[in-house]
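Below: one structure, written as structure tokens.
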Amino acid sequence: MEEYIVSARKYRPTSFDTVVGQQALTTTLKNAVNSGKLAHAYLFCGPRGVGKTTCARIFAKAINCLSPTAEGEACGQCESCQAFNEQRSFNIFELDAASNNSVEHIKTLMEQTRIPPQVGKYKVFIIDEVHMLSTAAFNAFLKTLEEPPAHVIFILATTEKHKILPTILSRCQIYDFERMTVRNTIDHLKSVAQKEGISFEEEALAVIAEKADGGMRDALSIFDQAASFCQGNITYQKVIEDLNVLDAENYFQIIDLALENKAMEIMVLLNNVINKGFDGGLLIQGLAKHVRNVLMARDEQTLPLLEVSDQQRERYQQQAHKCQIPFLYQALRLINQCDINYRQSSNKRLLVELTLIEIAQITQPDDSVGSGRKPRRLKSLFKHLTQTTAQPKKAAPQVAAAEPVAPTQKSQEPTSSSSRISSTTTSATQTNTSNPSSKAGRPQLKSSVSLSWNNLRQKKSSKINVIPGTLGASDPNAAPKDEQHDFTQQDLELQWMSMCNRMPQKYSGIATRMKNMNPQITDFPNVEVLVDNQVAMDQLEQIKKSILSTLKLYLHNKSITLSVRLAEQQEHVRILSRREQFILMEKENPSIAKLKELLNLELA
Ligand SMILES: [Zn+2]
């Protein structure tokens, strides 16, 4: 059986010409080989996986070649080259300072510098991750670097140039490696795929390139994984599934819908995305990138800034033709605001929803005739609700939004506009009754959609008469009678999320977990909650009664039943993103979560 070699190794460039994406730099190195004007020390800086060590090896081979080509490449035939090819050359020493950073390691290496080479002209010492050397090792190294023997050349490589001491920097010729562009990565992956006889969709390679974030080694290793789970046919669908990347189609749809002011359709789309296990914050970040790409695609000048595959470029251009620049600017501004507020928000989903609604309303004509100032944001969305106030009971709030912490009578006092909007978004009917002064029967919504979240928190801390047996429920008027009201999946999610937010301090742990669960109406009015592990299952079982009575109370249906089920094992193990890895770690060791909270950290 043929030995399997990972692509990153198999297709490691062996000449300057085959190095991807570092042309300026390889040309300079070739010229150096040609002219024979060599420095004693080189410093190769740049992100991981862009070819620093590879170039160092090619360079070492070329300067030792007995008959280099006119272009400055190694001949590959002479005795020295062959020794290099067969990895038996005595002229190249490699030290990975990340794992061998003690003074002994360096001292042993420095002893080698004294012996001149037997074949070839130079002994090349490659020290990888040189910033990791210990101080003592550094000093031992510095001695040799200050007065190196004529036959010695150092090539230092680092991902963190700023950590290199000035005394070293000043003695080195510095080369900055660029991170791989998506275009370069795609092209290289294409050539590897063709050599390996693997079929592919270019979009799929674009996803891999993007995921690799500028590192060719990472790209190739993801490519290998993709090739293996796609069984030789790398398709877009399969790759996004296994890399857990949100389908770009979602972003195109959101913008298309937003241009048509279809906020409700966007809410449904968002719900689907969240149900698939994607975080609202990630969607916002992805959307930011998308809108930016659309903006770039509008103009020939900025078109080269699009780092996507050719097909995607065309799609971006198509969408760009539909979007006016002010729309894109405004959307970017809203998304950015959401991104900034996301961390602090106590109801992240609501924040995302409001942002998307606002984006969907950018192009909406202002319909607030006669009301002078600009009280319009969110307004039209509630129009159908205000029109149905005649039968308030039936007007189920369609807007996905969390109820404030138990709507008490108190919260209906006339308040500042910002606090009003927070209760308005929760239940339009309620606002209407509490806002008799509103002209034309419409709630006077101010445009302060950036919501005062403080308001929610204040209420949380105020004294609430909690109904025994429910989770923070406090509205005595909402006690279940013989109610059998209909409710939608959205109502359920809404109440679930608000319940989580209301839950007393001592349940904060399980409340956080519950926010990530997706209760489903399986067979109306039966609600099923899927949990992914036994611990969560046990915790949930303990408070199941309270959860049930809370849902009954707020969904106005006393027939609701609640079942908790352990999720079945997935058929295959997914490749975890860094975020997912962290979440997994958090689950295994709760103190990590505590640390994260204490230091106010966030995953990038
Ligand atoms: Zn040679």
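What follows is calculated from the coordinates using simple rules that are stated; it is not laboratory data. These numbers were taken from a predicted model, which means no experiment stands behind them. Cβ: placed from backbone, ideal geometry, glycine included. Neighbour counts: every protein chain shown.
Being within 12 Å of the ligand (Cβ to nearest atom) and out of contact with any Phe, Trp or Tyr (no Cβ under 9 Å at 6 or more places or on another chain) is the filter here, so list the residues in the range 54-75 that pass it.
Across the range 54-75, the qualifying residues are Leu66, Ser67, Pro68, Thr69, Cys75.
Taking the stated definitions as given, is Thr135 touching a residue at least 12 places away in the same chain (Cβ under 8 Å), on the phi < 0 side of the Ramachandran plot and away from the ligand (no atom under 16 Å from the Cβ)?
No, not satisfied.
Within the range 268-290, identify whether any single residue is touching a residue at least 40 places away in the same chain (Cβ under 8 Å), under 30 Å from Asn341 (Cα atoms), over 18 Å from the mean Cα position of the chain (by Cα) and in a helix (DSSP H, G or I), and answer yes or no.
Scanning the range 268-290, I find at least one residue that is touching a residue at least 40 places away in the same chain (Cβ under 8 Å), under 30 Å from Asn341 (Cα atoms), over 18 Å from the mean Cα position of the chain (by Cα) and in a helix (DSSP H, G or I), so the answer is yes.
Among (1) more than 16 Å from the ligand (Cβ to nearest atom); (2) without any contact (Cβ under 8 Å) to a residue 60 or more places away in the chain; (3) touching a helix residue (DSSP H, G or I) at 6+ places or on another chain (Cβ under 9 Å), which single condition is Gly51 missing?
Of (1) more than 16 Å from the ligand (Cβ to nearest atom); (2) without any contact (Cβ under 8 Å) to a residue 60 or more places away in the chain; (3) touching a helix residue (DSSP H, G or I) at 6+ places or on another chain (Cβ under 9 Å), only one is false for Gly51: (2).
Looking at the range 11-35 only, could you name the residues that are under 17 Å from Arg48 (Cα atoms) and free of Cβ contacts under 8 Å to residues at least 40 places away in the same chain?
Correct list: Val19 only.
In the range 491-599, which strands (runs of 3 or more DSSP E) lie fully inside it and hold 3 or more residues that are surrounded by fewer than 20 Cβ atoms within 10 Å (Cβ to Cβ) and of a type in the set (D, E, K, R)? Explain how you work it out, then say what you get.
Working: elements: 520-523, 526-531, 561-566.
Correct list: empty, since no element meets the threshold.
Given the condition among the polar types (S, T, N, Q) and over 38 Å from the mean Cα position of the chain (by Cα), answer yes or no: does some residue in the range 160-169 qualify?
Scanning the range 160-169 turns up at least one residue that is among the polar types (S, T, N, Q) and over 38 Å from the mean Cα position of the chain (by Cα).
If you go through the range 77-113 one residue at a time, how many are near the ligand (Cβ under 9 Å from one of its atoms) and either surrounded by 16 or more Cβ atoms within 10 Å (Cβ to Cβ) or closer than 15 Å to Met132 by Cβ (or both)?
Selection size over the range 77-113: 4.
Kindly provide the set of residues from the range 491-539 that are more than 22 Å from Met267 (Cα to Cα) and charged (D, E, K, R), ordered by number.
Within the range 491-539, Arg502, Lys506, Arg513, Asp523, Asp532, Asp538 qualify.
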